[in-house]
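Report on the following structure.
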Amino acid sequence: MQGNDLVPVYVVCGFLEAGKTTLINRMLESDSFGDERTVVLRCEDGAEEFDEEFLKKHNAVLVTMEEPEEMENGALVALDKKYRPERVLMEYNCTWMLDHLFSQQIPEKWTLAELVALLDATTYDNYMNNMRSFMTDGPMNADLIIMNRCTPDTPKSSIRRQLKGMNPQATIMFENTDGTSDDGVADEDLPYDMKADVIRIGDDQFGTFYLDALDHPDRYEGRTIRVKGQAVKVNGLDKDEYVFGRNAMTCCAEDIRGIGFITRHSDPMPAPGQWVELTAKCEKGYSSIHQMEGVLFRQMKFKSASKPEEELVYFT
């Protein structure tokens, strides 16, 4: 490694027995990984042990921190000086919370390459109901969310909507017990008529439409939609643009935020905050509010409308 090279850090977070050790082993033996000197930093007292010979074969050394406090007071900087890693794979227990990791003194050349959140389909509902703050911390910050141990009974569609509501930019994969994997999209059944000349999005369908449009902008290219929401002026948009959308509860009552689509207009726009029924043409393009390719609206017309019976959008 040359003196100015950055050290990529891969963080794999999840509960105990979520499959973090297995995933890190797979990463080490992947053809896409080279033989760089690697520190595997285990931030928990894991249930599954790493095999020393396996680590040695892949030029890796294991360092364990069993309590969050062991990471404090420059411990990561000291670790970097001792082992001089060219790559770090971190197995991170989500009960430690990622804010604790991000608040530590980080070695100068370490850079976060990818954050992976691992979820177990067999415990997902129980943990979401009883330990929501721990359960959502990883998915809300992740680049990649993997749900493993899925069966034909796993409700992938509703889970995908919930996860996308927390983190629209994340890639989501489902790993099945039969050894296959998929993105869960084929499991979705859209509740509105995609064959209609004007696709009418019901008040309780906005969340489904929003997430499907993010995942499949091609599906809506050139289509006309009619949907209820509110206009919001957002800093950074062109003068002929606004965001049309609604407020959503993405993971809990404390996390309510606006979701919507950049909308271009030549006629006057709706008054900010006014509930309207918007008819718009969908166009595929770069969405600066999502920082990726997505669906953009071109305003055709709007009319005043009553607010929905349930003002918040839910991703369930």
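Structure data summary
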{"item": "Complete set of residues in region 34-56 that are in contact (Cβ under 8 Å) with a residue 40 or more places away in the chain and either part of a loop (DSSP other than H, G, I, E, B) or surrounded by fewer than 20 Cβ atoms within 10 Å (Cβ to Cβ) (or both)", "result": "E36, R37, E44, G46"}
{"item": "Members of region 94-121 found to be polar (S, T, N, Q) and either surrounded by fewer than 14 Cβ atoms within 10 Å (Cβ to Cβ) or modelled with pLDDT of 95 or more (or both), listed by number", "result": "S103, Q104, Q105, T111"}
{"item": "Among (1) part of a helix (DSSP H, G or I); (2) at positive phi - the single one L23 does not satisfy", "result": "(2)"}
{"item": "Of the criteria (1) over 23 Å from R132 (Cβ atoms); (2) crowded, with 16+ Cβ neighbours inside 10 Å, which one V12 fails", "result": "(1)"}
{"item": "Residue, modelled with the highest pLDDT, within region 247-263, restricted to residues that are of a type outside the set (A, V, I, L, M, F, W, C) and under 18 Å from S133 (Cβ atoms)", "result": "R257"}
{"item": "Matching helices (runs of 4 or more DSSP H) fully within region 123-204 where at least 1 residues are touching a residue at least 24 places away in the same chain (Cβ under 8 Å) and in contact with a Pro (Cβ under 8 Å, 6 or more places away or on another chain)", "result": "156-166"}
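The values are calculated or read from the model by the stated rules, or taken from the named source; none is laboratory data. Note that the coordinates shown come from a computational prediction; the quantities given were computed from them, not determined experimentally. Cβ: placed from backbone, ideal geometry, glycine included. Neighbour counts: every protein chain shown.
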